[in-house]
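Undergrad: Structure below; questions to follow.
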Amino acid sequence: MLKIVNISKGFNDKKVLKDLSLDIHDGKIFALVGVNGSGKTTLLRTVAGIYKADNGYVEFNGYDTYKDAEIRKDIFFVSDDPYYPFADNMKSLKMFYMSFYDFDENEFDKYVSLFSLDTDKNISTFSKGMKRQAMLCYALAIKPKLLILDEAFDGLDPMVRKTLKKTLSDFVMDNNSTIIISSHNLKELEDICDEFGMLEDGKISTYGDLLEEKQSINKYQLAFKDEIDESVFDQFDILHKEKEGSVYTLVIKGDKDEIRNRLRELNPAIMDILNINFEEMFIYEHEGER
């Protein structure tokens, strides 16, 4: 299990993470989401043991990820802009990773073939997406127990994104590993991640099972024959409300059946219930926190 306990991290006079705590269970794919500048990369680098927390600590399987060097052999971090030595091709860089990790060459060759990469070509000539794919080949060949991907799908075309998602799902099932993914493209995370955490103002503002959270937030469209007093909606946990003509659109958090029955008591002429996707959930939750 990954345990993040009361960590704070700042740079100069700016506090980025503020007394943040979070547990992530083994065998899960966890989505870390937040607006630009919310501290996602700082959190990921602190979890990976690259940054030292100013306060608090991060433990993976009972070991401090910053203090205990041995546990970092079970952790692999892929940054949003992977660095490669200028003169290296994939074959020469493989030797570097083999000297530090228990490296499975057969797995490496499998992923190189899957992503159709040329191992003799200088990596510096690769596109941004190809560089990311190359780093994933090394990461998956190492078989880390904790894989951290910052902006995992950036620069990848649709077919590669589809391949990557299946590859990551299979990797977790085969190795009982944990994956943390941050991405601006929330739609890409929706069909692969089990759990999510929303980072806001240096803390995790919302956390939970992705499917359960999505099911707890629904969009209700209501039309009334006559004007109503909008204070009747105060009884609900409304994340978003808008009105167009006689039609109200309400995004409400809570049990769908209970809310539907309570809304029926208001005698709407029309009522429709719509599901929301992960991107909409993020937007409405973010609005609700303000």
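The values are calculated or read from the model by the stated rules, or taken from the named source; none is laboratory data. These numbers come from a predicted model, not from an experiment. Here the Cβ positions follow ideal geometry from the backbone for every residue, glycine too, while neighbour counts run over all protein chains shown. Just so you know, the surface numbers come from the protein's heavy atoms only, side chains and all, with ligands and any DNA or RNA stripped out. Shrake-Rupley method; radii C 1.70, N 1.55, O 1.52, S 1.80 Å.
Undergrad: Given the condition on the phi < 0 side of the Ramachandran plot, open to solvent by 70 Å² or more (accessible area, probe 1.4 Å) and touching a Gly at 6+ places or on another chain (Cβ under 6 Å), answer yes or no: does some residue in the stretch 55-66 qualify?
TA: Scanning the stretch 55-66, I find at least one residue that is on the phi < 0 side of the Ramachandran plot, open to solvent by 70 Å² or more (accessible area, probe 1.4 Å) and touching a Gly at 6+ places or on another chain (Cβ under 6 Å), so the answer is yes.
Undergrad: Has the stretch 20-31 got at least one residue that is surrounded by fewer than 22 Cβ atoms within 10 Å (Cβ to Cβ) and among the β-branched types (V, I, T)?
TA: Checking the stretch 20-31: not a single residue is surrounded by fewer than 22 Cβ atoms within 10 Å (Cβ to Cβ) and among the β-branched types (V, I, T).
Undergrad: Residues in the stretch 105-112: is at least one free of Cβ contacts under 8 Å to residues at least 12 places away in the same chain and either in a strand (DSSP E or B) or β-branched (V, I, T) (or both)?
TA: Looking for residues that are free of Cβ contacts under 8 Å to residues at least 12 places away in the same chain and either in a strand (DSSP E or B) or β-branched (V, I, T) (or both), one finds none in the stretch 105-112, hence no.
Undergrad: Within the stretch 22-37, can you find the residues that are in contact (Cβ under 8 Å) with a residue 24 or more places away in the chain and under 16 Å from N61 (Cα atoms)?
TA: The answer is L22, I24, H25, D26, G27, K28.
Undergrad: Would the stretch 11-18 turn up any residue that is open to solvent by less than 10 Å² (accessible area, probe 1.4 Å) and either closer than 12 Å to L199 by Cβ or of a type in the set (D, E) (or both)?
TA: Yes.
Undergrad: Restricting to the stretch 240-275, what's the tally of residues that are open to solvent by 40 Å² or more (accessible area, probe 1.4 Å), over 19 Å from E212 (Cα atoms) and not in a strand (DSSP E or B)?
TA: 9
Undergrad: Residues of the stretch 181-222 being open to solvent by less than 30 Å² (accessible area, probe 1.4 Å), part of a helix (DSSP H, G or I) and among the hydrophobic types (A, V, I, L, M, F, W, C), which ones?
TA: Selection gives L186, L189, L210.
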